[in-house]
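The values are calculated or read from the model by the stated rules, or taken from the named source; none is laboratory data. Only a predicted model underlies this, so the values are computations on that prediction, with no experimental measurement involved. Neighbour counts run over all protein chains shown; Cβ positions are idealised from the backbone, glycine included.
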Amino acid sequence: MSFDGAVNGLTRRLFLGQDSPWVGQFVFMIDGVAIGHFMEVSGLSVRIEEEKIVEGGQNEFTHRKPGRMTWPNLVMKRGVTSNDALFDWLRRCSGEGFSGKNNKLERHTAYLVLLGPTMFGVGSTAIREPIRAWSFYDAFPVSWSGPTMSTSAAEVATETLEVAHHGFRSELPSLPI
């Protein structure tokens, strides 16, 4: 699914209050389906290795040229919610979902959308404007961890999702969500 198609579908579905009471500034989607709002995202970077070539007789500098690109995994954190979209995707990509497909990994296009402040509201729902979006190629979950449980802690119960991918592209969304 294209980014525009994903954003068009998301425009109709993502309103504040439908996910976590601790709605973050980022929405993560898989093939146009909203997995959820996240309050923290890391790993949005790329590293381009450089190859150094020493030329005989050239002592003033070393030639440099770009090499392989490497992309770290995305790591996202959010408050625990009752929404099962994340676990549905995790089940399809691991365990019985994975073995049911003859151990063939089904990779997906993922989208991370940075949301701006509330743009306007209708009744009890508020719509937020997307500021920037990134599409990630061949994404699949590699780790999930749940909250640390303690009756003495007065913290929000959080979960962490780690996603591997084969690179990303930055895009400017054109529609409010």
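Residues in region 2-9: is at least one under 18 Å from the mean Cα position of the chain (by Cα), of a type in the set (S, T, Y), at pLDDT below 90 and in a helix (DSSP H, G or I)? So far as region 2-9 goes, no, none of its residues is under 18 Å from the mean Cα position of the chain (by Cα), of a type in the set (S, T, Y), at pLDDT below 90 and in a helix (DSSP H, G or I). Of all residues in region 36-49, those being of a type in the set (A, V, I, L, M), at pLDDT 90 or above and either more than 19 Å from W71 (Cα to Cα) or assigned to a loop (DSSP other than H, G, I, E, B) (or both) number 2. When each of R12, R91, R68 is tested for being among the charged types (D, E, K, R) and at pLDDT below 85, the lone residue that passes is R12.
Among residues that are touching a His at 6+ places or on another chain (Cβ under 8 Å), among the charged types (D, E, K, R) and modelled with pLDDT of 90 or more, K52 is included.
Taken over region 20-52, the criterion of being of a type in the set (A, V, I, L, M) and surrounded by fewer than 10 Cβ atoms within 10 Å (Cβ to Cβ) is satisfied by I48 alone. Only one entry of G116, G146, G97 meets the criterion of being surrounded by fewer than 16 Cβ atoms within 10 Å (Cβ to Cβ), modelled with pLDDT under 80, of a type outside the set (A, V, I, L, M, F, W, C) and more than 21 Å from D31 (Cβ to Cβ), and that entry is G116. Annotation note: of A110, A133, A85, the sole residue that is surrounded by 18 or more Cβ atoms within 10 Å (Cβ to Cβ), aliphatic (A, V, I, L, M) and under 19 Å from T160 (Cα atoms) is A110. Any residue that is of a type in the set (A, V, I, L, M, F, W, C), more than 16 Å from M29 (Cα to Cα) and out of contact with any Ser or Thr (no Cβ under 9 Å at 6 or more places or on another chain) - is there at least one of those in region 64-77? Yes, there is a match, as at least one residue in region 64-77 is of a type in the set (A, V, I, L, M, F, W, C), more than 16 Å from M29 (Cα to Cα) and out of contact with any Ser or Thr (no Cβ under 9 Å at 6 or more places or on another chain). For region 149-169, the set of residues classified as modelled with pLDDT of 90 or more and either acidic (D, E) or within 21 Å of G32 (Cβ to Cβ) (or both) consists of E159, L161, E162, V163, A164, H165, H166, G167, F168, R169, listed by residue number. Being aliphatic (A, V, I, L, M) and under 10 Å from the mean Cα position of the chain (by Cα) is the filter here, so list the residues in region 23-79 that pass it. If the condition is that a residue be aliphatic (A, V, I, L, M) and under 10 Å from the mean Cα position of the chain (by Cα), then V27, M29, I30, I35, V41, L44, L74, V75, M76 are the ones that fit.
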